[in-house]
């Protein structure tokens with residue numbers, strides 16, 4: 001499968017349902033929260049989650065429609081927001097693991113930490129598109145650096161016959 005097909009599948013099976021869940025459940029949750037610490041944590045968590053979801057949409061849609069070349073034109077801010085959303089989800093998952101191992105899980109679910117971790121748990125499927133986009137970014141950066149190194153070698157007088165894939169041997173040109 002090509003990257004564009006995988007991006008389309010991720011968009012259809014992961015990003016669309018997670019976005020709908022965040023919009024519908026988050027809106028209802030925000031409207032029904034009371035103005036206390038728990039409500040504030042939930043509202044802030046939903047705000048971060050929706051911004052991170054928008055960044056995944058902003059990066060995955062051009063990848064699906066035009067390949068990585070179209071993703072390169074997207075501002076770096078969207079990458080940073082996506083990574084911040086991934087850190088948010090990872091922090092929530094870690095928080096729930098640590099908190100439930102030291103206290104009663106029912107207490108954690110009723111605390112402000114519980115609201116934060118619920119939002120983070122619902123965003124956990126979004127880690128898959130995040131990892132896919134990161135792999136594509138790293139893979140593209142490596143291929144670009146290899147092409148630039150080859151171009152520098154040829155530009156500064158290197159002979160094309162010396163570009164051998166085996167690193168142990170060097171051909172001499174007479």
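The values are calculated or read from the model by the stated rules, or taken from the named source; none is laboratory data. Computed from a predicted model, the values in this text were never measured in an experiment. Here the Cβ positions follow ideal geometry from the backbone for every residue, glycine too, while neighbour counts run over all protein chains shown.
Applying the criterion of at least 3 residues that are in contact (Cβ under 8 Å) with a residue 24 or more places away in the chain and either within 19 Å of residue 7 (Cβ to Cβ) or out of contact with any helix residue (DSSP H, G or I) (no Cβ under 7 Å at 6 or more places or on another chain) (or both) to the helices (runs of 4 or more DSSP H) found wholly in segment 62-115 leaves 76-102. Assessment of segment 141-162 against the conditions (part of a helix (DSSP H, G or I), modelled with pLDDT of 80 or more and surrounded by 12 or more Cβ atoms within 10 Å (Cβ to Cβ)) yields no matching residue. Only one entry of 98, 71, 81 meets the criterion of being closer than 27 Å to residue 39 by Cβ and crowded, with 16+ Cβ neighbours inside 10 Å, and that entry is 81.
Evaluation of residue 103 against the conditions (1) farther than 26 Å from residue 20 by Cβ; (2) modelled with pLDDT of 90 or more shows that the sole unmet condition is (2). Test residue 44 against the criterion of being surrounded by fewer than 16 Cβ atoms within 10 Å (Cβ to Cβ) and without any contact (Cβ under 8 Å) to a residue 60 or more places away in the chain, and give yes or no. Yes. Each residue in segment 24-35 was checked for being at pLDDT 75 or above and surrounded by fewer than 14 Cβ atoms within 10 Å (Cβ to Cβ), and 1 of them qualify. If you check 51, 14 for being assigned to a helix (DSSP H, G or I), touching a helix residue (DSSP H, G or I) at 6+ places or on another chain (Cβ under 9 Å), surrounded by 17 or more Cβ atoms within 10 Å (Cβ to Cβ) and at pLDDT 90 or above, only one passes: 14.
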